[in-house]
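Rule-based calculations on the coordinates, nothing more; no lab input. Remember, predicted model here, so these are calculated numbers, not experimental data. Ideal geometry is used to build each Cβ from the backbone, glycine not excepted, and the neighbour counts take in all protein chains shown.
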Amino acid sequence: MHLELEEGGIERLDAIRPLWERLNRLHADVTPHFRADFKAYEFEDRKQYLESKSTLGEVRVFLITDAGHGIGFCIASLRRDLHGEIESIYIMDEYRGAKLGDRLMRAALTWMDTNGALTKSVNVVFGNEQAFPFYAKYGFLPRSTTLLQT
């Protein structure tokens, strides 16, 4: 393995497209209620959302590559009111267990802290609660549940 961590701005979104599509399929598989929403959700929709969010602050893309091929990513944002958010994080199955998610989280959280984040959050898709222990290692705990009418 020849792993590298790359960091960039919103212009780096296209580099994570195949990985984001895998994450979106994972969300479609695990959610019991909104499967159709995830199946209909396209990368261009997500890209447009993040580009619009970058007008409210800054968006940062962290990408781990193995011999030049993307294997994991994290997208973080920081609004002007200094609220940071982990927008997305994903590691390919075959690379899980190698602490790459930790590497991405540390990079994203360090970026937020360096830029003065006062609060931080992450949203977890209903059905993906197995991710809670991972986020708890960084102090993220469930605070509320948003219910959405279909």
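At a temperature of 4 °C and a viscosity of 1.567 mPa s, determine how fast the chain diffuses translationally according to Stokes-Einstein, using the Kirkwood radius over alpha-carbon pairs as Rh; express D in µm²/s, rounded to the nearest whole number. D, rounded to a whole number, is 81 µm²/s.
Taking label points 7 Å from Cα along the Cα-to-Cβ direction, D81 and D93 give a separation of 4.0 nm. Find the percent of Cα-Cα distances in the stretch 22-82 that exceed 17 Å, and round it to a whole number. When every Cα pair of the stretch 22-82 is considered, 56 percent fall beyond 17 Å.
Put a dot 7 Å past the Cα of D113, heading toward its Cβ, do the same for K137, and the two dots end up 1.6 nm apart.
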